[in-house]
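Read the structure below first, then the notes.
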Amino acid sequence: MSHKVGIVGGDGIGPEVISQGLRVIKAAGVKLDTVEYDLGGARYLNDGIVLPDETLDEWRSLDAIYLGAVGAPGVPPGVIERGLLLKMRFQLDLYINQRPFKCDSHDFVVIRENTEGTYAGEGGFLRKGTPHEIATQGSVNTRMGAERCIRHAFELASQRRNHLTLVHKTNVLTFSGDLWQRTFDDVAKDFSAVETAYNHVDAACIYFVQDPQRYDVIVTDNLFGDILTDLGGAVSGGIGLACSANLNPARTGPSMFEPVHGSAPDIAGQNKANPIAAILSGALMLDFLGESDAATRVRAACESCSKVEGSTVEIADAVLAKL
Ligand code: IPM
Ligand code: MN
């Protein structure tokens with residue numbers, strides 16, 4: 001059976017690392033029926049197109065989307081982020097951003113809420129450009145949004161080491177933090193085998209560096225999850241290894257798989273980027289497509305190559321050799 005996958009190589013190093021990911025998936029014996037989409041900062045600079053609604057509608061019938069990185073110098077902040085990546089996450093209801101971190105010393109997964117919080121874009125300007133201007137940027141937290149995310153995290157923890165940590169800032173964010181904490185406590189009643197913990201996000205930053213072994217699964221909101229997962233990458237062998245899945249677990253449409261890193265325009269087109277994050281994101285896609293055997297083999301090959309140095313193609317060659 002072949003899976004229908006939309007490919008968005010995107011900008012900078014995106015296309016280079018995705019083409020290596022596709023090479024590895026093919027070598028693992030999985031057939032993909034791919035459709036390429038030319039989207040990202042470069043496309044926007046070219047003709048002003050970011051993500052047409054017709055494209056989004058076309059995507060609804062795909063099994064998955066495999067994305068490299070989007071963002072290019074010269075594009076104003078927010079155009080591609082909000083217009084492409086966040087539009088995709090929100091419109092396709094990819095409410096879970098799952099980011100695993102594994103290296104010699106630790107193995108944990110961050111579940112980041114992916115459709116709400118400060119990312120929802122609530123707020124605006126008053127008197128913009130005047131000395132009395134005001135900017136507000138709200139955080140949207142629904143019981144439904146927090147609950148479905150927390151439930152997913154508990155389910156994952158019960159398939160792993162039965163430990164789940166809520167990360168927030170309940171001592172200061174007394175409205176959203178309270179909603180998250182109460183929701184967490186309520187959902188916990190359905191998972192009596194899972195041991196729970198709570199960390200403030202600032203303390204979690206220290207534990208990520210000094211004692212990451214304490215974690216199994218972490219659940220947190222959109223912005224804390226964004227920041228923590230860059231740190232997670234940095235303490236787990238580097239952002240060049242960090243992969244992610246943007247999931248619609250309800251499967252009402254495709255899920256999207258992308259490395260955590262950005263488009264790195266400074267090294268684009270030089271065969272320098274580490275393709276492991278993209279390859280591992282491909283393995284997460286294989287898991288979600290029901291190809292768990294191939295996913296396990298790809299992951300094992302990547303793990304034994306996590307310290308290999310060399311060009312983009314050389315690192316991918318090393319993974320292929322292990323495979
Ligand atoms: C990420 C990225 C995005 C985010 C940006 C590019 C909008 O940093 O996937 O972590 O903030 O979510
Ligand atoms: Mn980020």
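Here, each number is a calculation from the coordinates, and none is a lab measurement. This is a predicted model, so every value here is computed, not measured. We place every Cβ from the backbone using ideal geometry, glycine too, and count neighbours over all the protein chains shown.
Quick notes on this one:
- A count restricted to region 284-323 and to residues that are within 22 Å of the chain's Cα centre (by Cα) and on the phi > 0 side of the Ramachandran plot stands at 1.
- Matching helices (runs of 4 or more DSSP H) fully within region 200-295 where at least 1 residues are within 15 Å of ligand 2 (Cβ to nearest atom) and more than 23 Å from SER176 (Cβ to Cβ): 222-234, 276-288
- Qualifying residue in region 220-236 (condition: among the polar types (S, T, N, Q) and closer than 17 Å to LEU156 by Cβ): yes
- Verdict on SER176 being closer than 22 Å to PHE108 by Cβ and small (Gly, Ala, Ser): no
- Yes/no for PRO265 being within 16 Å of ligand 1 (Cβ to nearest atom) and either more than 30 Å from GLY145 (Cα to Cα) or among the β-branched types (Val, Ile, Thr) (or both): yes
- Among the residues of region 70-105, the ones that are within 24 Å of MET285 (Cβ to Cβ), in contact (Cβ under 8 Å) with a residue 40 or more places away in the chain and not aliphatic (A, V, I, L, M) come to 11 in all.
- Within this structure, ALA27 fails the test of being away from ligand 2 (no atom under 16 Å from the Cβ), buried (at least 16 other Cβ atoms within 10 Å of the Cβ), among the small types (Gly, Ala, Ser) and without any contact (Cβ under 8 Å) to a residue 40 or more places away in the chain.
- Reported count of residues in region 116-155, each being out of contact with any Gly (no Cβ under 6 Å at 6 or more places or on another chain) and within 16 Å of ligand 1 (Cβ to nearest atom), is 8.
- PRO77 being under 30 Å from VAL8 (Cα atoms) and exposed (fewer than 13 other Cβ atoms within 10 Å of the Cβ): yes
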